[in-house]
Every structure is written in C-alpha cells, then in structure tokens.
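The values are calculated or read from the model by the stated rules, or taken from the named source; none is laboratory data. Here the structure is a predicted model, which means the values were calculated and not measured. Cβ placement follows ideal geometry from the backbone for every residue including glycine, while neighbour counts extend to all protein chains displayed. Remember, those area values only see protein heavy atoms, side chains included, never the ligands or the DNA or RNA. Shrake-Rupley method; radii C 1.70, N 1.55, O 1.52, S 1.80 Å.
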Amino acid sequence: MADEGPDEQRFTAMYDECRQRVWAYATARAGRQVADEVVSETFAVAWRRLADVPDPPLPWLLGVARNVLRDGHRAQVRRESFAAELGRWAPRPATDIAEDVAERLAVLRAMAALPEGDREILILIAWQGLTPRDAAKVVGCSPAALRVRLHRARRRLLRAAEAETPDGQAEGARGTRPQVGIVSEEMS
C-alpha cells in the first residue's frame, strides 16, 4: 500500500467502506446471483470516474448500481423480446409437438449464438421481407457485399442450428436437418 498513489488509496478505502452495502443493495433488488456482477460493474465505473465520485461516496455508488441493474434489466427485456419475436415468425408444422419444441429451441439458440451483424441481415431479409438491395441500404454496404454476408450468415445459422439439435448431431429428431426457414436461398 505504500507504493499506491492517492487515487488508488482513495479507491481502496471507498471499496472497503462501501462494497458490502452496494452488494446488499444489489442483492435486495436482483438476488445473490446478480449482486457480485453488479458490484463489480459499479466499482469499475467508480474507478473510471473517480474524479466524479463525491464524498461520501455511498449514495453515488448506489445510484451507479441502480443504473447497472436498470441496464441489465433492459438488456434482458431486449433478449426476451427478440426471442418472442423469433417465436412468432417461426413456422409451425403439423408434427409431434415435442420435436417441434426441440427444433424451435435449437433455431432460437442458433440465432442467439450468431454475431449481431448476421442476425440483423437474416432478420432484414427473412422477417422484414427486404430485398438484398434494400437491406444493403439499411446496413450501409453494396448489394453484392450484402449477398456475400447473407450467404455466410445463412451458413453460420445452419451450422449453429445443426449443433443445437437435441442429439447434438447434424441430423435432427426427424432424421433431417433442422428446419431453418431463414436459411432458404429462395428468400434472396
């Protein structure tokens, strides 16, 4: 501690003094599973903005923790909304419901595992019904570049969907590939 600068000493003292109370606040609002992450993010913000931290620091730290919790809640709502939207667009074939559920979950997981850029292109083309030319305008690239990106995104989605099948094999429960409607080349 002797070789720490004044900023490090101030931060260490603030952390030692307030960590438990920030953790208790986060636990009361979101539960123990989330509290450690909230405390970490709160003190990371405090370190980055150490000059802005007032004295006493606890109210400011609790405000940051509140914002971290709120941002986490918003992200969760966005994820749930995205999953719900995926569910509304997925076709429902007239087969065994258990197989359909497993396959649908595999596709949802596969979409969620894709990079944001791939998801965006697939959604623009398959669910928004845009042509590659129009989707290219949205994304900000040429139609040719979008077609290449779309082809790659479809391949990655298919690979991810095959990896997510209930058996973990390339063949689904019905002995075929998972039915990933947005992979179809007909949509371009």
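Observations
Table: residues versus (1) open to solvent by less than 30 Å² (accessible area, probe 1.4 Å); (2) not in a helix (DSSP H, G or I).
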{"residue": "Leu105", "(1), (2)": "no, no"}
{"residue": "Arg119", "(1), (2)": "no, no"}
{"residue": "Leu124", "(1), (2)": "yes, no"}
{"residue": "Gly129", "(1), (2)": "no, yes"}
{"residue": "Ala135", "(1), (2)": "yes, no"}
{"residue": "Cys141", "(1), (2)": "no, yes"}
{"residue": "Arg147", "(1), (2)": "no, no"}
{"residue": "Ala153", "(1), (2)": "yes, no"}
{"residue": "Leu157", "(1), (2)": "yes, no"}
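- Filter pass, Asp100 being acidic (Asp, Glu) and farther than 27 Å from Leu150 by Cβ: no
- Selection of helices (runs of 4 or more DSSP H) fully inside the range 1-89 by the criterion of at least 2 residues being within 28 Å of the chain's Cα centre (by Cα), of a type in the set (Asp, Glu) and outside the structural domain of Leu124 (by TED's automatic domain parsing) returns 32-48, 58-89.
- Checked against (1) open to solvent by 50 Å² or more (accessible area, probe 1.4 Å); (2) free of Cβ contacts under 8 Å to residues at least 12 places away in the same chain; (3) not aromatic (Phe, Trp, Tyr), Arg19 passes all but a single condition, namely (2).
- Qualifying position, being hydrophobic (A, V, I, L, M, F, W, C) and touching a Cys at 6+ places or on another chain (Cβ under 9 Å), among Leu58, Leu50, Leu69: Leu58
- Any hit, the range 44-58, residues being open to solvent by less than 80 Å² (accessible area, probe 1.4 Å), under 30 Å from Leu108 (Cβ atoms), of a type outside the set (Gly, Ala, Ser) and free of Cβ contacts under 8 Å to residues at least 40 places away in the same chain: no
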